[in-house]
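The values are calculated or read from the model by the stated rules, or taken from the named source; none is laboratory data. Small disclaimer: the values here were computed from a predicted structure and weren't measured. Note: ideal-geometry Cβ built from the backbone for every residue, glycine included; neighbour counts use all protein chains shown.
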Amino acid sequence: MRTPRDNDRRLLRFAKELRESSTDAERKLWSLLRGRKLAGFKFRRQYPVGGYILDFYCIRANLALELDGGQHSQPDAVAYDLRRTQCLAELGVRVLRFWDHDVLKDPDAVTNTVFRVLSEVDNDV
């Protein structure tokens with residue numbers, strides 16, 4: 001089941017703004033994902049789905065990668081992220097979350113985790 005892109009103009013405009021103002025961690029992870037570098041899976045940046053903008057999204061695997069900075073450790077943000085992940089799961093989207101500092105400090109561990117999940121998905125396809 002493929003989850004369709006949300007074509008809300010406001011979300012599309014905001015997604016474009018987010019792509020133009022990427023964080024260091026987003027730029028780092030994108031350099032490792034772009035051009036089907038990870039097991040041939042295509043990822044998109046700042047992709048709108050179900051009223052949310054996903055940091056990275058693989059349509060084929062219905063897999064979202066979310067990068068979290070320190071603000072995501074605040075109680076309100078933790079609750080919001082949980083609700084968001086549940087809503088996306090109802091749409092069939094699996095969400096993997098990584099801390100920004102993990103992407104910057106140990107990008108191989110992050111990509112190995114993503115690769116493992118993609119391998120599981122690839123066996124199911």
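Before moving on, here are some points about what is shown:
- Residue within segment 32-46 that is in contact with a Leu (Cβ under 6 Å, 6 or more places away or on another chain) and touching a residue at least 60 places away in the same chain (Cβ under 8 Å) present: yes
- None of 75, 48 is out of contact with any strand residue (DSSP E or B) (no Cβ under 6 Å at 6 or more places or on another chain) and surrounded by 15 or more Cβ atoms within 10 Å (Cβ to Cβ) except 48.
- Among the criteria (1) exposed (fewer than 11 other Cβ atoms within 10 Å of the Cβ); (2) modelled with pLDDT under 90, the one residue 80 does not fulfil is (1).
Condition check ((1) over 14 Å from the mean Cα position of the chain (by Cα); (2) among the basic types (Lys, Arg); (3) within 19 Å of residue 5 (Cβ to Cβ)) across all residues:
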{"residue": "59", "(1), (2), (3)": "no, no, yes"}
{"residue": "63", "(1), (2), (3)": "no, no, yes"}
{"residue": "86", "(1), (2), (3)": "yes, no, no"}
{"residue": "91", "(1), (2), (3)": "yes, no, yes"}
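- One residue from 15, 39, 61, 25 being buried (at least 17 other Cβ atoms within 10 Å of the Cβ), assigned to a loop (DSSP other than H, G, I, E, B) and at pLDDT below 95: 61
- Restricting segment 87-113 to residues that are of a type in the set (A, V, I, L, M) and in a helix (DSSP H, G or I), the residue that is farthest from residue 69 (Cα to Cα): 89
- Of all residues making up segment 1-38, the number that are within 19 Å of residue 105 (Cα to Cα), in contact with a strand residue (DSSP E or B) (Cβ under 8 Å, 6 or more places away or on another chain) and not acidic (Asp, Glu): 6
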